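The values are calculated or read from the model by the stated rules, or taken from the named source; none is laboratory data. A quick note: this is a predicted structure, and the numbers were derived from the prediction, not measured. Using ideal geometry, Cβ is built from the backbone for each residue, glycine included, and neighbour counts are taken over all protein chains shown. All accessible areas refer to the heavy atoms of the entire protein, side chains included, with ligands and DNA or RNA removed. Shrake-Rupley method; radii C 1.70, N 1.55, O 1.52, S 1.80 Å.
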Amino acid sequence: MGTRIPGLHAGDALIIVDVQRDFLPGGALAVPDGDKVIPVLNRYIAEFASRNLPIYATRDWHPANHCSFREQGGPWPPHCVAETPGAEIPTDLQLPAGTEVISKARTPEKDAYSGFQGTDLLERLRARGCTRVFVGGLATDYCVKQTVLDARANGLDVVVLEDAIRAVEVNPGDGARALQEMVARGAVVTTIESIVT
């Protein structure tokens, strides 16, 4: 899609969704080619950091008996258990000092695909005067989509970073359908070449 949009300015924020070891190749719930988002996200990070614009990184931070795990009747294998290596943000994602980490799905009985669900992300964004968010990370058809939809529902302008997302694709075409849904809700889809000036 790659819509050309105005360059970065005050009021913008970058939200990096769930780039954690368990979602990368070799992880417990690996997203196909999930590692390919990291170098692209690093370019976005550099652009936001150079302008002193806020950067947020969401992460699953599950208890060992989380409701989304198959042993508890959920759809997924155990993943991103708090304080385990699989929940770590990889060191090659070059998050600068001052990046705000948002932990979600922290209680056994509640799941949360969206970075806004059960967190103070919206309050943090409003406190910084953010009105437009750029969203990338993993996975397009789950946590990226739900984060984008919640951002729109809360009145934020949203730019989806098409070159910095990957889909799980439980069903073929899930990623494309997720992008269509995000656009239908008012998000703009673009790539770094269309915004970096």
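Taking the range 51-66 as the search range and keeping residues that are in a loop (DSSP other than H, G, I, E, B), within 18 Å of D18 (Cα to Cα) and not aromatic (F, W, Y), which one is most open to solvent (accessible area, probe 1.4 Å)? Looking at residues that are in a loop (DSSP other than H, G, I, E, B), within 18 Å of D18 (Cα to Cα) and not aromatic (F, W, Y), I get A64. I'm trying to understand the selection: among the residues of the range 67-88, which are open to solvent by 80 Å² or more (accessible area, probe 1.4 Å) and free of Cβ contacts under 8 Å to residues at least 40 places away in the same chain? Result: R70, E71, Q72, E83. Restricting the range 15-38 to residues that are surrounded by fewer than 17 Cβ atoms within 10 Å (Cβ to Cβ) and without any contact (Cβ under 8 Å) to a residue 12 or more places away in the chain, the residue that is nearest to R166 (Cα to Cα) is P25. Scanning the range 5-20 for residues that are in contact with a Pro (Cβ under 8 Å, 6 or more places away or on another chain) and assigned to a loop (DSSP other than H, G, I, E, B) returns V19, Q20. Within the range 105-150, the set of residues being touching a Lys or Arg at 6+ places or on another chain (Cβ under 7 Å) and either crowded, with 20+ Cβ neighbours inside 10 Å or under 20 Å from V168 (Cα atoms) (or both) comprises A112, G115, L138, A139, T140, L149. Among the residues of the range 181-197, just one is within 29 Å of A28 (Cβ to Cβ) and surrounded by fewer than 18 Cβ atoms within 10 Å (Cβ to Cβ), namely E181. The set of residues from the range 6-42 being among the hydrophobic types (A, V, I, L, M, F, W, C) and farther than 14 Å from V135 by Cα comprises A10, F23, L24, A28, L29, A30, V31. Counted as qualifying within the range 92-197 are the strands (runs of 3 or more DSSP E) with 1 or more residues that are of a type in the set (D, E) and over 14 Å from the mean Cα position of the chain (by Cα), namely 157-166.
The number of residues in the range 72-90 that are touching a His at 6+ places or on another chain (Cβ under 7 Å), aliphatic (A, V, I, L, M) and not in a loop (DSSP other than H, G, I, E, B) comes to 1.
Any chance you could count how many residues in the range 160-172 are surrounded by fewer than 24 Cβ atoms within 10 Å (Cβ to Cβ) and farther than 16 Å from D33 by Cβ? Final tally of qualifying residues: 1. A153 satisfies every condition listed in (1) crowded, with 18+ Cβ neighbours inside 10 Å; (2) free of Cβ contacts under 8 Å to residues at least 60 places away in the same chain; (3) over 22 Å from I89 (Cβ atoms); (4) among the hydrophobic types (A, V, I, L, M, F, W, C) except (1).
Only one entry of T119, T3, T58 meets the criterion of being modelled with pLDDT under 95 and polar (S, T, N, Q), and that entry is T3.
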